[in-house]
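The values are calculated or read from the model by the stated rules, or taken from the named source; none is laboratory data. Worth saying up front: this structure is predicted, and the values here are computed from it rather than measured. Positions of Cβ are generated from backbone atoms using ideal geometry, with glycine treated the same way; all protein chains shown enter the neighbour counts. For accessibility, only protein heavy atoms count, side chains too; no ligands or nucleic acids. Shrake-Rupley method; radii C 1.70, N 1.55, O 1.52, S 1.80 Å.
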Amino acid sequence: MKVCHLSSVRESHDLCMFQRSCVSLARAGYETYLVAKGESREDRGVHVIGVGDPPASRWKRMRTFSKTICQAALNIDADLYHIHDPELLPYALKLKRQGKKVIFDSHELYTVLLRSKHYLKGFAPLIAWCYGVFERYAMSRIDAVIFVAPRNGKDPFEGISRRTVMIANYALREELYARYVPTAKEVPTACFVGIMTPDRGAENMVLAAAKAGVRLILVGDFEPEDYARRVREMPEYGNVDFRGVLDRDRVTAVYQEASMGLCVIPNGGQYNICDTFNMKVYDYMAMGLPVVLSDSAYARRVMEEYPFGILVDPADVGQIANAIRYLADHPEEAARMGQAGRRAIDEAFNWETQERKLLALYRDLIGPPEEQHEGA
């Protein structure tokens, strides 16, 4: 019995797909394959099948590279296929027609996310609607859908898919949480790690950090290029320490250097209507950093039990600046917030709690790995 994960978008070492799902399945005893861009390798019990580099054009990737990914996955002849990108959903239906078990891992609420994509311009609402129609059709025909969080307290796929399972992208305790070393931060420094697009609030972070007089480390890259130029031409950008795209070890070093993490995604994004946080927030918490975070109903509920940061209106530069300055001026309270975040990871928001649900889903669909080995 074989299981195969496939993605035409994500890197083969992706935190959610590889380091959480694939490694957990291989460790449990499943014969686990991953088909993705890049080169082939054997990694932590996972057979990674690399298919080279995708086209630079997003549209060419969707039309041609996704087909290459799916053909390589079909050659494995797995019993269960676990799909990680919406552009691969047409192939999910093909796999079902061949008698395979198929799971779609909806890492985002794509019907919401597509509405904020800058590259879709004025067509975003129409494309999001069209995708939603097709998504409902595909979800009703495959075996299960994984989603990361309820939307406004409700399962977004209830009544659509045969089976839904919530599996959140919580932190691996064996990764950042285990690498935490308490250190004195001599110079207050804020950080943001991730892609910087018009819908991520990068301009407000730059403005707020400069207003607060606190250096801002940015890790990742800007998209698109004209947005990068606009941000870099801001006078306040002189306060930014831009590090670019870094590997995980160097990202960890940035977290150890910084004294707070920022995640102020503007209103209208999916994280303001979902009962979860952006993955970078869990990273900040695991590393003991207090967080300046967009206000939401879910964030307020979590803060009542784990006061790990300060909630702000992401559109209000003054509020963001005041929160940054407060953490800089109150290091002892900031440290208590950081410890509350680590306690939250240890008690509630860790991958081990989600791994059990993933393995239970696989057992229900194809049986436990022990039975598979006995019948091989």
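For Phe123, indicate whether it is of a type outside the set (Val, Ile, Thr) and open to solvent by less than 40 Å² (accessible area, probe 1.4 Å).
Taking the combined requirement at face value, the residue does not satisfy it.
Do you know which residues across segment 62-114 are acidic (Asp, Glu) and either over 30 Å from Tyr271 (Cβ atoms) or in contact with a Cys (Cβ under 7 Å, 6 or more places away or on another chain) (or both)?
Correct list: Asp77, Asp79.
Can you tell me which residues in segment 291-317 are out of contact with any Leu (no Cβ under 7 Å at 6 or more places or on another chain), part of a helix (DSSP H, G or I) and open to solvent by less than 20 Å² (accessible area, probe 1.4 Å)?
Val302
Does Gly375 satisfy the criteria of being among the small types (Gly, Ala, Ser), surrounded by fewer than 21 Cβ atoms within 10 Å (Cβ to Cβ), out of contact with any Pro (no Cβ under 8 Å at 6 or more places or on another chain) and at pLDDT 95 or above?
No: the conditions fail for Gly375.
Condition first: part of a helix (DSSP H, G or I) and closer than 25 Å to Leu93 by Cα. Can you find one or more residues in segment 25-42 that meet it?
The answer is yes, given that some residue of segment 25-42 is part of a helix (DSSP H, G or I) and closer than 25 Å to Leu93 by Cα.
Okay, residues lined up against (1) over 22 Å from His5 (Cβ atoms); (2) open to solvent by 10 Å² or more (accessible area, probe 1.4 Å):
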position: Glu135; (1), (2): no, yes
position: Val145; (1), (2): no, no
position: Val148; (1), (2): no, yes
position: Asn152; (1), (2): yes, yes
position: Asp155; (1), (2): yes, yes
position: Ile160; (1), (2): yes, yes
position: Arg163; (1), (2): no, yes
position: Tyr170; (1), (2): no, yes
position: Leu176; (1), (2): yes, no
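May I ask you to list pairs of residues, at least six apart or on different chains, whose Cβ atoms are under 8 Å apart, with the first in segment 112-132 being of a type in the set (S, T, N, Q) and the second being modelled with pLDDT of 70 or more?
Hits for this filter: Ser116/Ala124; Ser116/Asp199.
Considering only residues that are open to solvent by 70 Å² or more (accessible area, probe 1.4 Å), in a loop (DSSP other than H, G, I, E, B) and either out of contact with any strand residue (DSSP E or B) (no Cβ under 9 Å at 6 or more places or on another chain) or of a type in the set (S, T, N, Q) (or both), which ones fall in segment 208-263?
Selection gives Glu233, Asp247.
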